[in-house]
Amino acid sequence: QVQLVESGGGLVQPGGSLRLSCAASRSIDSIRAMGWFRQAPGKQRELVAIISSGISPDYADSVKGRFTIFRENAKNTVALQMNSLKPEDTAVYYCQARTSGGNNYWGQGTQVTVSS
């Protein structure tokens, strides 16, 4: 098992930046993939970015060129750097860990609000 805790959300103006962090309760060296999802009110949860061992990160089309996912194995964290934020990026952002055994674990989520 692994527990995940997200942090770094908040209120930011359009065009601003935020860095989300997801801290895992144990080493993530053996975790196959870690990703960030988001869910806006009234919408389904969607993949934002995912990073797997030995594979280039993958991003939703809507965030390509603006968001970057970092996997920091030494710190047992995965970060999401979000630049040029737009109001449509407003959502609760969730961290997910996918183990090689096929289990998925979720954090509790962190709110990101982009508004002037």
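The values are calculated or read from the model by the stated rules, or taken from the named source; none is laboratory data. Since we're looking at a predicted model, the values are computed, not measured. Because the Cβ atoms are built from the backbone with ideal geometry, glycine has one as well, and the counts that use them run over all protein chains shown. Keep in mind that these areas ignore ligands, DNA and RNA; they rest on the heavy atoms of the full protein, side chains included. Shrake-Rupley method; radii C 1.70, N 1.55, O 1.52, S 1.80 Å.
When the residues of the range 25-48 are filtered to those that are among the small types (Gly, Ala, Ser) and touching a Lys or Arg at 6+ places or on another chain (Cβ under 9 Å), which remaining residue is nearest to GLY102 (Cα to Cα)? Outline the logic, then answer.
Going through the range 25-48, the residues among the small types (Gly, Ala, Ser) turn out to be 25, 27, 30, 33, 35, 40, 42.
Within this subset, residues satisfying the condition of being touching a Lys or Arg at 6+ places or on another chain (Cβ under 9 Å) are 33, 35.
Values: ALA33: 10, GLY35: 14 Å.
Taking the candidates together, the pick is ALA33.
How about the range 25-41: which of its residues are modelled with pLDDT under 95 and either among the small types (Gly, Ala, Ser) or at positive phi (or both)? Those that are modelled with pLDDT under 95 and either among the small types (Gly, Ala, Ser) or at positive phi (or both): SER25, SER27, SER30, ALA33. Summed over the range 80-113, the residues that are among the basic types (Lys, Arg) and either part of a strand (DSSP E or B) or open to solvent by less than 60 Å² (accessible area, probe 1.4 Å) (or both) give a count of 1.
Filtering the range 7-23 down to residues that are in contact (Cβ under 8 Å) with a residue 60 or more places away in the chain, over 17 Å from VAL63 (Cα atoms) and out of contact with any Leu (no Cβ under 6 Å at 6 or more places or on another chain), which residue is most open to solvent (accessible area, probe 1.4 Å)?
Taking the range 7-23 and keeping what is in contact (Cβ under 8 Å) with a residue 60 or more places away in the chain, we get 7-20, 22.
Right, trim to over 17 Å from VAL63 (Cα atoms) and you get 7-8, 10-11, 22.
Adding the requirement that they be out of contact with any Leu (no Cβ under 6 Å at 6 or more places or on another chain) leaves 7, 10-11.
On the way: SER7: 60, GLY10: 27, LEU11: 132 Å².
Per the stated criteria, the residue is LEU11.
Scanning the range 58-79 for residues that are basic (Lys, Arg) and surrounded by fewer than 15 Cβ atoms within 10 Å (Cβ to Cβ) gives LYS64, LYS75.
Restricting the range 60-79 to residues that are part of a strand (DSSP E or B) and touching a strand residue (DSSP E or B) at 6+ places or on another chain (Cβ under 6 Å) leaves a set whose member that is nearest to GLN13 (Cα to Cα) is PHE67. Looking at the range 24-47, which of the residues that are touching a helix residue (DSSP H, G or I) at 6+ places or on another chain (Cβ under 9 Å) and exposed (fewer than 15 other Cβ atoms within 10 Å of the Cβ) is farthest from THR68 (Cα to Cα)? Across the range 24-47, the extreme among qualifying residues is SER27. For the range 53-76, taking the residues that are modelled with pLDDT of 95 or more and hydroxyl-bearing (Ser, Thr, Tyr), the one that is nearest to SER116 (Cα to Cα) is identified as SER62.
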